[in-house]
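The next block holds one structure in the form of structure tokens; read it before the comments.
The values are calculated or read from the model by the stated rules, or taken from the named source; none is laboratory data. A quick note: this is a predicted structure, and the numbers were derived from the prediction, not measured. Cβ atoms come from the backbone with ideal geometry, glycine included; neighbour counts cover every protein chain shown. Calculation scope for accessible area: heavy atoms of the full protein, side chains included, ligands and nucleic acids excluded. Shrake-Rupley method; radii C 1.70, N 1.55, O 1.52, S 1.80 Å.
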Amino acid sequence: MNKAYLQSQFKSTGTAYLLLLFVFGSHFIYLNKWGLQILFWITFYGFGLWLIIELFMIPDRVNRHNAIISQQIEHIEEKERIKNIQMVKAMKD
């Protein structure tokens with residue numbers, strides 16, 4: 001994956017809340033958690049209890065999603081730095 005694609009995959013807590021409250025609780029789809037989304041719908045939002053819990057869990061879910069993407073971007077940047085250092089060394093030799 002390239003860095004630009006990964007940067008486009010960052011998610012917003014506000015958008016996740018809007019999807020939960022106004023678009024049939026589809027915030028799990030937004031976070032690429034299809035299995036949880038289907039379970040959320042089948043149980044009718046966990047009979048309402050899961051919906052209440054999700055109101056408090058969304059910021060953490062979004063932060064974890066974004067942290068994984070940040071780690072992937074950092075890994076790509078580290079590989080780019082190593083490649084650049086190797087190119088500079090090769091030019092000096």
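Touching a residue at least 60 places away in the same chain (Cβ under 8 Å) and β-branched (Val, Ile, Thr): does that describe Ile76? Yes, satisfied.
Considering the range 1-12, the residues that are part of a helix (DSSP H, G or I) and touching a residue at least 12 places away in the same chain (Cβ under 8 Å) include one that is least open to solvent (accessible area, probe 1.4 Å), namely Leu6.
Rundown of residues vs (1) at pLDDT below 95; (2) farther than 25 Å from Ala67 by Cβ; (3) acidic (Asp, Glu), yes/no style:
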position	(1), (2), (3)
Leu19	no, no, no
Phe24	yes, yes, no
Phe28	no, no, no
Lys33	no, no, no
Leu36	yes, no, no
Thr43	yes, yes, no
Gly48	yes, yes, no
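Meeting the requirement of 3 or more residues that are exposed (fewer than 11 other Cβ atoms within 10 Å of the Cβ), the helices (runs of 4 or more DSSP H) wholly within the range 13-93 are 34-42, 49-92.
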